Amino acid sequence: MSAVSLMSSEGLQPGSPPYRRLLVALFFVGVATFAQLYSPQGLLPLIAEDQEVSADQAALMVSMATLGLALGVIPWSYIGDAYGRKKAMVWAVTLACVFSVLTVIMPTFALALTMRFVEGVMLGGVPALAVAYLSEEVSPRVAAVAAGTYISGTTAGGLSGRLLAAPVGEQLGWKPGMLTVTGLAVACVAVFVLTAPRARNFTPRRSNPRQAAGQLVGNMRSPGLRVIYLQGFLTMGGFVAMYNFMAFHLAEPPFGLPVGVISLIFLAYVAGTFSSPRAGALAARVGRKPVLIGGNVLMLSGVVLTLVPNVWVLIVGMVVMTSGFFASHAVASGWSGALAVAGRSQSASLYNVGYYGGSSLFGYVGGIFLAAAGWAGTVGMVIALTVLATVLVTAVLPRDSSG
């Protein structure tokens, strides 16, 4: 096959070595990013005990990183525009690994949280740039399929980070648990550096600050987009709160489960890999709005089920909640681009800001509700967030699937 057919103005074609290398590279950088981001989640009871802090304070190990990521997404998008997607992503995820190591060697909990925040800022470079890098390099007709490979890497990373850290942490302590995940991330970064093809369709762009601000403000003026951003903010906040504090719930009576066993609850996360593509296909047939509302209702049903004091019912509830959340997230994230009025990439960045900002805020506040009213308090908060998101979607967003 000629070089022209492999890499033409249409981009990389399926079956070509550079195309396969790009997919492998993006899968592994997704793992490297999200394994580190969520590695403390299954360790929170151990962190709380070791550092002598409350559940909500321990949850800041997750929230500070997601806050940093939320704040880092937009700056990294402009750095990538100016200096190249691949180069910026390598710097971002490599520096994140450095700050991950610094987190566990800090002498105080406050300093560890500071390192986690900076680590999150660095990790923001991957979600800010991965899809743009991919979209520029592959043929438009296979861009959605290629993006699915990156998304599967983020899912695999989030799951592997949680599942790997908890059993190691239970045996050796939370710090070795997190360092083990960092080791996995370093290996994945090496794969990305060695396999990611050189960008051939990238053109450097340095945005005028006034133009950049105009694109962001222009999208924020749209009522529909504001609701989409709030959808990510509210539902992701509730979703992360459920997983943050489920470990505390299962460690206490009537369950009394060890941390290593509790970490298996994160396998419910796999449900999202099945529901998100199916939600996208369904939205193409019947419209985005009903599928988005349906995902929220499904999420709400699962949240309510976790109030039943039976471990098997609780597992079913987490699977149902996760399926519903990822279905609505798949629709909302795509709709943020379709509804954009002043730049699709900027609109996607704003959705990410809301998405991870909600994770940071409510992933912490859920612990306050847990301390005040037990598991029912955390569940009540998540119910309120999901209901509010659904009411806003119902009242504001257009019915037309094209947005």
query = Just checking, which of ASN244, ASN219 is over 21 Å from ASN296 (Cα atoms) and either out of contact with any Pro (no Cβ under 8 Å at 6 or more places or on another chain) or part of a helix (DSSP H, G or I) (or both)?
reply = ASN219
key: Test for ALA132: is it assigned to a helix (DSSP H, G or I) and without any contact (Cβ under 8 Å) to a residue 12 or more places away in the chain   = no
remark   = Of the residues in the range 315-327 that are touching a residue at least 40 places away in the same chain (Cβ under 8 Å) and within 13 Å of MET246 (Cβ to Cβ), the one that is farthest from the chain's Cα centre (by Cα) is ILE315
ask   = Does VAL24 satisfy the criteria of being among the hydrophobic types (A, V, I, L, M, F, W, C), outside the structural domain of TYR364 (by TED's automatic domain parsing), farther than 23 Å from GLY354 by Cα and modelled with pLDDT of 95 or more?
value = no
remark   = By residue number, the members of the range 57-79 that are modelled with pLDDT of 95 or more and either surrounded by fewer than 22 Cβ atoms within 10 Å (Cβ to Cβ) or outside the structural domain of GLY124 (by TED's automatic domain parsing) (or both) are GLN57
query = Looking at the range 69-111, which of its residues are among the small types (Gly, Ala, Ser) and touching a residue at least 60 places away in the same chain (Cβ under 8 Å)?
reply = ALA70, SER77, ALA82, GLY84, ALA96, SER100
ask   = Given the residues VAL259, VAL191, which is the only one that is at pLDDT 90 or above and not basic (Lys, Arg)?
value = VAL191
task = Give just the number: which of (1) within 30 Å of ARG206 (Cβ to Cβ); (2) hydrophobic (A, V, I, L, M, F, W, C); (3) not in a helix (DSSP H, G or I) does VAL53 not satisfy?
result = (1)
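The values are calculated or read from the model by the stated rules, or taken from the named source; none is laboratory data. Model, not experiment: these values are computed from the prediction. No Cβ is skipped: glycine too gets one built from the backbone with ideal geometry, and neighbour counts run over all protein chains shown.
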